[in-house]
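Pasting a structure below so you can have a look.
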Amino acid sequence: MGELDVLDGIEGWLTEAQAGRLFDAAAGVAPGGRIVEIGSFRGRSTIVLASAAPEGATVFAIDPHAGNDRGPEEISGYAAAAADDHAAFLANLDAAGVEDRVTHLRMFSDAALAEIEGPIDVLYVDGAHRFAPARADIRDWGRRVGADGTLLIHDSFSSVGVTMAIVRELVPGRRFRYVGRSRSLAEYRADLPVSDVGRVTNGVVQLGQLPWFARNLTLKVALTLGYGSLARRLGRPVPEWPY
């Protein structure tokens, strides 16, 4: 992905393949469309979306930069880390040359609901990873996705809270069809067949990802308990945190 070499050195948990999936989704938006990102951190995914968005499309980046609630060390870092994240976010967008294509809403996602009018073409959810806020983002913002729009969720079938939210809102849901995933980045389309057979099939396909979720959960527990250090002492490769 040569067009995204600008991401080199920008912190974040978005893999190259996941960036490609985001890029393709944003590139398919019609001119004048709306792309909404919940959770920007230091701008890695924001830059992908803004780089791919067609002329006239708007990228709304929602992140209060009020401390972290994601990654291996969830719910850590407060005032100092938040200020650093915000400064890095702005600097990274400027360096990538996309700052004029991004509208940053420095607020929590529930407060931002009233700030964006009209249907959303692409919604990328990577906000708080606990069950309640993750569910609220999927439910409340998902309602704003227009027909044939795209919903992408990071840490799907990896984070416990996000996975529980998906099982609650999307597995039995009537609207979003599961398309696939790149590791923990799941993609959905707002075109689920209304038939009972279509809904059941869609739910079964999503539940079929749970063994991969169990594998990720086991790996996270092992790494948290020190498996990485043991593997290094034994001369074995240390698995990376599952994203």
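Throughout, read-outs are computed from the coordinates displayed, never taken from laboratory work. Keep in mind that this is a model prediction, so the values were computed, not measured. Here the Cβ positions follow ideal geometry from the backbone for every residue, glycine too, while neighbour counts run over all protein chains shown.
Taking R0 as 25 Å, what FRET efficiency do you get between Arg168 and Ala83 from their Cβ-Cβ distance, rounded to the nearest 0.05? Walk me through the intermediate numbers first.
On the way: r = 34 Å, r/R0 = 1.37.
Once rounded, the FRET efficiency stands at 0.15.
Could you point to the label whose value was computed as Rg and Dmax of the Cα atoms in Å for the structure here, given [x] 17.8, 56; [y] 17.3, 52; [z] 19.8, 67?
So the structure-derived entry is [x].
May I ask you to sort His104, His154 by Cβ crowding, counting other Cβ atoms within 10 Å and putting the fewest first?
Fewest-to-most Cβ neighbours within 10 Å comes out as His104, His154.
Select from Pro54, Gln18, Ala132 the residue farthest towards the positive end of the dipole of the chain; place +1 on Cβ of Lys and Arg, -1 on Cβ of Asp and Glu, and compute about the Cα centre.
Ala132
A further question on this structure: If I model a spin label at Trp212 and Met107 as a point 7 Å from the Cα along the Cα→Cβ vector, what separation in nanometres do I get?
In this crude spin-label approximation the distance works out to 3.5 nm.
Measuring from label point to label point, each 7 Å out along Cα→Cβ, what is the Glu240 to Asp140 span in nm?
About 3.3 nm, to one decimal.
OK, next. Please report Ile47, Ile138 as a ranked list, fewest other C-beta atoms within 10 angstrom at the top and most at the bottom.
Ile138, Ile47
Considering the zone a paramagnetic label at Val200 would reach in this model (a point 7 Å from Cα along the Cα-to-Cβ line), which residues of segment 166-181 have amide N under 16 Å from it?
Those under the cut-off are 172-174.
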